[in-house]
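Data block below; observations after.
The values are calculated or read from the model by the stated rules, or taken from the named source; none is laboratory data. Quick caveat: nothing in here was measured; it's all calculated off a predicted structure. Positions of Cβ are backbone-derived with ideal geometry, glycine not excepted, and every protein chain shown enters the neighbour counts.
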Amino acid sequence: MRPEKDCRLCGLCEGRTNIVLPDGCYDSGIIFVGEAPGENEDIEGRPFVGRSGKILEGMMAEAGFSRSDVLITNTVKCRPPKNRDPTPGEMAACRPFLESELYDAELVIGLGKSACRDLMGYEGRMDEVVNVPITIRIRDRDVNFIPTYHPAATIYNKNSRAELRKTIELVGGMLR
Ligand code: URA
């Protein structure tokens, strides 16, 4: 299930250039969920192609795989103005698309606070849940989920970088 080309289910349609659909391998069973497209993603119509994407791709390469081995998506498919966090209403409008992406997953990785808020209903500190596996309910299925840091949160923070690396190494192990 995908948004219509001219989707107007929420106000983010007003400022978008492109709807940013998932990218990578739909059959891998491993799905990374970010927050929302940024400026570069909005222009290219592809998730994680800017600075955060470079960090993610670098860590994936170190762990022996590439973005084309997994699926990469976001909680909302259109860029919020000035890169603000997506609102609960915007996430709810996009939720049916996200659920159809995650429904069959073997493992979902939530990158950062917004993804964890949307998928776990978690509002607390990331350091209390990072890399602690849980299951989340997607329609009538329990899906394995690992909360971790957003790549952007690792730029100036060694500890969050180490934790994100750990998550990505775990995925590398699953793919081997
Ligand atoms: N940050 C995100 O959360 N998603 C993207 O697609 C790019 C940057």
Please work out which residue is nearest to the chain's Cα centre (by Cα), limiting yourself to the stretch 16-38 and to residues that are in a loop (DSSP other than H, G, I, E, B) and crowded, with 24+ Cβ neighbours inside 10 Å. Glu35
Would you point out the residue of the stretch 91-118, among those that are in contact (Cβ under 8 Å) with a residue 12 or more places away in the chain and among the small types (Gly, Ala, Ser), that is surrounded by the fewest Cβ atoms within 10 Å (Cβ to Cβ)? Ser100
Total residues in the stretch 40-69, condition more than 14 Å from the ligand (Cβ to nearest atom) and either closer than 21 Å to Glu101 by Cα or touching a residue at least 12 places away in the same chain (Cβ under 8 Å) (or both): 9
When residues of the stretch 43-65 are limited to those that are surrounded by 15 or more Cβ atoms within 10 Å (Cβ to Cβ) and among the small types (Gly, Ala, Ser), the one farthest from Thr148 (Cα to Cα): Gly45
Show the residue pairs that are 6+ apart or on different chains and have beta-carbon atoms under 6 Å apart, the first residue being within the stretch 145-170 and closer than 22 Å to Arg117 by Cβ and crowded, with 21+ Cβ neighbours inside 10 Å, the second being modelled with pLDDT of 95 or more and small (Gly, Ala, Ser). Pro147/Gly110; Tyr149/Ser160; His150/Gly112; Pro151/Ser52; Thr154/Ser160; Ser160/Ala153; Ile168/Ala63
Determine if the stretch 45-58 includes at least one residue that is touching a Lys or Arg at 6+ places or on another chain (Cβ under 7 Å) and assigned to a loop (DSSP other than H, G, I, E, B). no
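Tell me which residues, restricted to the stretch 79-103, are in contact with a strand residue (DSSP E or B) (Cβ under 8 Å, 6 or more places away or on another chain) and of a type in the set (D, E, K, R). Write out each step before concluding.
Step one: filter the stretch 79-103 for residues in contact with a strand residue (DSSP E or B) (Cβ under 8 Å, 6 or more places away or on another chain), giving 98-99, 101-103.
Correct list: Glu99, Glu101.
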